[in-house]
Amino acid sequence: MAELIHAGPSAPSPELPLGRNLLRWLYVGRLTLITGILLGALSVWSEARSQDTQIVVVMFLVAVSVTAPSFWRTHVLAREPSRNFTYAQVILDAFLVTGIVHVTGGPASGFASVYILVISAGALLLPLPGGVLIGALASVLYFADLAWGHQGSFTRDVALSIGLFSVVAVITGYVGDRVRRAGQALGAVASQLQQLRLDTGDILANLSTGVITVTGEGQLAYANPAADKLLGADMQGRVGQPILSELERIAPGMRGILERAIRSRRSVARAQAQAVTKHGNVQLGVSTAVLERGEGEPPSVTALFQDITDSERLEEMNVRAERLEAVAALSASLAHEIKNPLASIRSAVEQLSAGRVSPSDRAILERLVLTESDRLSRLLSEFLEFSGLKMSARDEIDLHAVVRGCLIVAKQHPDAAGVDIVSQLDPGPIHVVGDADLLHRALFNLVLNGAQSAGPGGRVTVSLADEKDHPRPRGTDIDHPVRLTVADSGEGIRPEVRGRIFDPFFTTKPKGSGLGLAVVHRAVEAHQGATFVEKGPDGGAQFVIFLPGSPESVTAGAGVGT
C-alpha cells in the first residue's frame, strides 16, 4: 500500500492510511509463520502425519507464490494497491491461519490466537465493513475446521474464541476507521503544505525583491536569488552560516537593522542601507518581519529589501521641486497679505500729502496708517518666527510638566476668557527628547486655537497619554509613542478645508494670520512626530499629536486634573 503522500489537492484519497509499512509486516509475518510451521512439520512430524505435512508444503508454496509478486508490485514497482488486492491479501492470511490451526490440533491449537492478528490487519487495511467481514470470515473458518476437520462439538471455549474474534473485529475496525480518517486529513494537510511550499518557493525565487531570513543567533536561514543579485554576494551559499559580520561588510547598516529587530522583537517598517557592490553603491529600502520561535528563544527576522537608488534620486528631485513650489506659494501668500495694508497706507499718505483733508479726517487717516503699520509689523514678525522655527535644544524633558505650564498660561489669555479648559493627563513624568520652548509654543497655539473656536461657554480638553506599550500609530514608525490631544467643542473643521489647515497664511478666522497651525505642524515635525486632525468627541475639532517618547521613561505619581 502506498503511503499518504499526495502530489496535489486533486490526488485520489488513499484507502490505506498505514501505507506500505503494514503490508511489508504482513508479508514478513506470513512467510515467517508458514516457514516455521514447515520446518516443524519436516523435522518433528512422523510419517503418520504425512498428510498434514503435505498440507503445510502446499500452504508454504501458496504463500511464497502470492507474497513474492505482491511485494514486487507494492514495494519494488511502488504501485498503489487496490481495495481488491488488499482484500485478497487478508483473506489469504485467514485461510493460511486456518490451515495452520488445522494441522496443529484444531480447537486445541495454540495458533488460534493468530486469527486476532489477521483480524487486526484487516481492520487497519480495510474500511470498517471490510474489517468486520474479515472477523466474521475468521469465525466461520475456525468453526468450520472444528466441525468438519476435527468432528468436534461447539464447546464453551470455542464460543468464547468466536466471541473474542467478533469483539476484536468490531473494536479494531472502529479504531482502524478513525485512524484512516485521521490519516486522510493529515495527508490532505501535508499535500496542501507541500503545494504551499512549492508555490512559495517559486514566488520567492522569481521576486525582484531580496529576501533573507536570519535566526536569533545570527545565522542565515534563507536567501532568494534576488538577495544575491542586490547584495552582489553569494548569500544562498552561506545558508546555515553566521552572516551578520558579512552583512556589515556587504551592506553597512543592514546588520544594525536586523539586530534592532531581533533585540526589540518589533518589525521595522521603513529603513535604508547601502550595499557596496562591484557595480557601485546601491541604496536599499529595507523592511523586516519578526518571526517568533519558542518561549525564551530569540526570534528570527526576515528582511525584504529593494534597490531604491533611482527612486531616491527621483524623490530628491521631487522634494526639491516641491520645496521651490512651496517657497513660491509662500511668497505669493506673503505678498498678498502685505499688499492690502500697503495699499491702505499708500492711499492714506497720498490724501495726507495733498493737504486738503479736514482735521477729523486727518486723525482717521493717521490712525489708519498706524494700525496698518502695526499689522504689517505683526505679520512680518510672525512670518520670521515661522521661517526660523527649529529646535534650539535637544534635551530629555518632562512633557507632563510642559503641558501643565502651558495650560496655566493659556487660561490667562484674553481669547480664553469664558472657555472651560480642562486636562486629562496620565501620571507623570512622561519623558520625550526635544525642545521644551518649541513644544510649549506649539501646544499654546493649539489650545488658543481651540479656545477661539469654542468661544465663551465652550470647552477645550487637553489629554496626554504615554502609549509606549501600544503599537505604533498607523502611518508612522514612531517608537514608544506619546499621545497629546487637544479637542474643542466648536463648530469643527469643514471637510473641504481640512487638507489646507496647516498651510501657511491659510485661515478661516477674520483676524487670523494663518500661521498658528503651521507653527504647530513644523514644531511637531522637528521632533520627528506626527499631527492628525479629526472630529472630536464634543463635535468640534480634535488635534492628535504623536511624539517619540524616551524608551527609559518612567511614569509614577498620580493623575492631574486642572
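Structural remarks
- Residue match in region 487-503 (condition: outside any loop (DSSP other than H, G, I, E, B) and at pLDDT 85 or above): yes
- Here 162, 116 are screened, and the one residue that is at pLDDT 75 or above, assigned by TED's automatic domain parsing to the domain that holds residue 28 and β-branched (Val, Ile, Thr) is 116.
- Checked against (1) of a type outside the set (Gly, Ala, Ser); (2) at pLDDT below 85; (3) part of a loop (DSSP other than H, G, I, E, B); (4) more than 30 Å from residue 396 (Cα to Cα), residue 471 passes all but condition (4).
- On inspection, residue 509 does not qualify as at pLDDT 70 or above and exposed (fewer than 15 other Cβ atoms within 10 Å of the Cβ).
- Where a residue in region 405-424 is within 17 Å of residue 440 (Cβ to Cβ) and in the same structural domain as residue 448 (by TED's automatic domain parsing) and its partner, wherever it lies, is among the aromatic types (Phe, Trp, Tyr) and in a helix (DSSP H, G or I), with Cβ under 7 Å and at least six apart: 406/444; 409/444; 410/444
The values are calculated or read from the model by the stated rules, or taken from the named source; none is laboratory data. Values in this document were obtained by computation on a predicted structure and should not be read as measured data. We place every Cβ from the backbone using ideal geometry, glycine too, and count neighbours over all the protein chains shown.
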